Amino acid sequence: MNARLLLNLDNITLSFGGKPLFEGLSLNINDHDRICLVGKNGAGKTTLMRLMMEDLELDGGSRFVLSGTRIGYLAQTVQHDATQTVLEFVLAGLPADEQNEYNHYLADRVIVPLGLAPEMLMNTLSGGQLRRAALARALVYDPDILLLDEPTNHLDLETIEWLEDYLNGFRGAIICISHDRRFLANISRNVWWLDRGRIRICPFGYGEFEEWMDEQIEHETRELQNLAKKVEAEHDWTQGGVTGRRKRNVRRLRELGNLREKLRRDKAAMKSRSQKIEMDALDAPTASKIVAEFKNVSKHFMRDGKKIPILEEFHHIILKGDRLGILGKNGSGKSTFIKLIMNEEPLNSGHLFRSKTLNVSYFDQNRTELVPDKTVWDTLCPDGGHFVHLGESENEKAVHVRGYLKRFLFDPAILEHKVKTLSGGQQNRLLLAKILANPGNVIILDEPTNDLDMDTLDMLQEMLSDYAGTLIIVSHDRDFLDRIVTEVIGFEGDAKVHAVMGGYSDYVRETKQPAKPEKKEAVIVTKHQPPKKPAAKLSYGDTLALQRIPEQIAAWQAEQEVLKVSLDSAELYANEPDRFMQMVQEFQKLQHKIEEAENRWLALEEKREKLSG
């Protein structure tokens, strides 16, 4: 059955300040489309959505919408009547004849999972809650085309997963802008890449988009090299730009696996040393490795006469070099945990050791460290002058403020702009720039990815990968956590806390497994232990796989090299584009097999080490 065309933009042009944003751009939206819209910051993604909504006038071209088509739009800014309740605001998006009892029921079914109460007044909501109310309004409208501009901002993981399920059951077309890679991969079937005023269509969902985009850039780069030798002038995202940065980040992901394994061993050794009937005093070398240690810590709050438990006899060690991810739904204890580390909340019982040399830099998602009436220049150079001073005083380096701004993807022309005139994403980048200039030995980032585009996330990942201190990140961005952290602590409410070595994916794998019977650990009472039982060994199948996997990987890599020779030919794409795309897909499948095999080999090697240990 042919797809039904709902909306068409044909050969459109649009300029701002005499500068063309779109020239000759055309697109179609069909029913049941699942499209994510991506592009560099400033490429015009939000503007394109506003054109679909007819909020802006075209300079040229035409816009067609099938008669009767309803378009819902979640914008980044929320216009509302302060006297309305949340329910009234949500229902106000419907035509008057649809504001009936049935739609009241539907509204409640959306409002409550988004963490709101229908009777809440709009003028009492935080910025994040306003966005949730606007999302509820867009969903309840039940449109044929749903336009979502950064829908996951200010949502916790539980709510994001609820939204994914809702959208995967949604009957209409979806166009989504988001920085959340995992979210996009879970809801999309196609990608529109907005690039220099035109749209390139990726026939896959976002999960395969970045590899596809790299292939497109590399092919175009080869053509330009062959034709004009103007690659550097035309493509600022190639070597050293987005593609180069992503390749470095892929390499760092592999290095992150080694770091996770090292920290797993260090933490196991530290835990073994600490578990004695009488807690020994830590000697200097060991103490210097500990940033914070929770011993039998309990923490609760009283609310309306009811005890709200956060931690109950909690044990945990944070070591120097840890990269800790903090997960949990709102109100589960994430912020309290951070405040305990920063000594801003008292314990109810237990002991919390903090390193005497603790020097914390804190990224607050409410950006309280930024002064709205200060300029960008004054924010980065509070003592005056033209230079940003990086690092501790004995290792201090000075970088000109204009050059430093460029590292964070700013146009230096904004130096004299006041902070309050910047967008939310720009303010987040400015706060990150301020913190990372002199981060101390511990960085705590509270929801740093809100309002950031993907280029900035890649830049932030690269900078944090170079950071030598201890990193604690509270985030709902699953992909970002997988790329950065070495350990995850999940707060599930009612003082239920799970700590898992690895990233977000490791946390999900471990916590979703059926619970195992609890084993009581033997108390260490003497330095002399009974002899250990002979260590178990790998099964014959696992041993054989451990030997053969490297050979299989080498064979697949050889196949890739053969494909690369053909793909490097500019004539192949020009003369046989279908064969070119088929070979690209074969290359990607081989890469997927290689990555799976590498992960399998690492798991077997780790299992072998544990059994032999």
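A full extension of the chain between ARG196 and VAL112 corresponds to an added length of 26.2 nm, given 0.36 nm per residue minus the alpha carbon distance. Taking amide H as placed 1.01 Å from N in the peptide plane, ASN441 has its amide H under 5 Å from the amide H of ASN359, each at least 5 places away in sequence or on another chain.
Surface analysis of the range 10-116 yields an accessible area of 52 Å² per residue, using protein heavy atoms and a 1.4 Å probe.
In this structure, the amide hydrogen of ASP149, modeled 1.01 Å from its nitrogen in the peptide plane, lies closer than 5 angstrom to those of LEU74, ILE177, counting only residues at least 5 positions away or on a different chain.
Computed from backbone phi, the HN-Hα couplings of the range 183-198 come to 4, 4, 4, 7, 10, 9, 10, 9, 10, 9, 9, 7, 9, 6, x, 9 Hz, rounded to whole numbers (Karplus: 6.51 cos²θ - 1.76 cosθ + 1.60, θ = phi - 60°; Gly and Pro given as x). Among 62-74, 472-484, sorting by the average number of other beta carbon atoms lying within 10 angstrom of each residue, highest first, gives 472-484, 62-74.
Just to confirm a number: summing +1 for Lys and Arg and -1 for Asp and Glu over residues other than ALA495 whose beta-carbon lies under 11 angstrom from that of ALA495, what do you get? Numbers along the way, then the final one.
Details: positive: LYS299, LYS307, LYS496; negative: GLU312, GLU313, GLU492, ASP494.
Once all neighbours under 11 Å are counted, the net charge is -1.
In order along the range 362-368, phi translates into HN-Hα couplings of 10, 9, 8, 4, 8, 6, 5 Hz, rounded to whole numbers, per the Karplus curve 6.51 cos²θ - 1.76 cosθ + 1.60 with θ = phi - 60° and x for Gly and Pro. Debye-formula intensities of the range 39-85, expressed as log10 I(q)/I(0) at q = 0.14, 0.28 Å⁻¹, are -0.51, -1.17 (one equal scatterer per alpha-carbon, no solvent).
State log₁₀ I(q)/I(0) for the range 344-479 at q = 0.09, 0.14 Å⁻¹ as given by the Debye formula over alpha-carbon point scatterers of equal weight, solvent excluded. Normalising to I(0) and taking log10 leaves -0.29, -0.68. Couplings 3J(HN,Hα) for the range 110-117, derived from phi with the Karplus relation 6.51 cos²θ - 1.76 cosθ + 1.60 (θ = phi - 60°), are 9, 4, 5, x, 7, x, 10, 10 Hz, where x marks Gly and Pro.
If R0 equals 25 Å, the separation of the Cβ atoms of ALA3 and GLN591 corresponds to a calculated FRET efficiency of about 0.20.
The values are calculated or read from the model by the stated rules, or taken from the named source; none is laboratory data. This one's a predicted model, so the numbers in the text were calculated from it and none came from an experiment. Neighbour counts run over all protein chains shown; Cβ positions are idealised from the backbone, glycine included. Heavy atoms of the whole protein, side chains included, go into the accessibility calculation; ligands, DNA and RNA do not. Shrake-Rupley method; radii C 1.70, N 1.55, O 1.52, S 1.80 Å.
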